[in-house]
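In what follows, a single structure is set out as structure tokens and then discussed.
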Amino acid sequence: MARSKILRKIHIKFKKENEPHIFTGRKESVVLTYDEFEAIRLSDLSGFYQKDACKMMGVSRATFARILLSGRKKLAQALINKAAVTLEKGDVVYEKESLKCPIHSYLKREGKFCLCKKTEGK
């Protein structure tokens, strides 16, 4: 018997589930899970290294890499085929953001400067 999946931590609350978000008028649809969306957001948009992002999601680095690869593959498929992208919940739990810029309350990488590029005292 296979063990159950560990709940992945996400830091964004979604209003509606199973609703097309990109290319909404298309017949084809690609289903992106919340954890795939969160992995792409942390890695590509926020600029976190995988070792930091996997800690934020509460999974191993290898699992994070698999989630990220799966999400990127689905997004590429949707963009190339012009398919609608639908978000689905999956095995996730909502958790408040843990790494914030102490000055501006934006995301920051551990041990790095604030992503907003402003320094303290200015």
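How many residues does the stretch 35-83 hold that are surrounded by 17 or more Cβ atoms within 10 Å (Cβ to Cβ) and more than 20 Å from Ile12 (Cα to Cα)?
Filtering the stretch 35-83 down to residues surrounded by 17 or more Cβ atoms within 10 Å (Cβ to Cβ) leaves 35-43, 46, 48, 52-57, 59, 63-64, 67-68, 71, 74-75, 78, 83.
In the following step, the residues that additionally are more than 20 Å from Ile12 (Cα to Cα) were identified as 78, 83.
Total meeting the criteria: 2.
Residues that are at pLDDT below 90 and in contact with a Pro (Cβ under 7 Å, 6 or more places away or on another chain): which strands (runs of 3 or more DSSP E) entirely in the stretch 17-102 hold 2 or more of them? Step through it out loud before you land on a result.
Details: elements: 20-22, 29-33, 84-88, 92-94.
The qualifying strands (runs of 3 or more DSSP E) are 84-88.
The values are calculated or read from the model by the stated rules, or taken from the named source; none is laboratory data. Note that the coordinates shown come from a computational prediction; the quantities given were computed from them, not determined experimentally. As a convention, Cβ positions derive from the backbone with ideal geometry for all residues, glycine included, and neighbour counts pool all protein chains shown.
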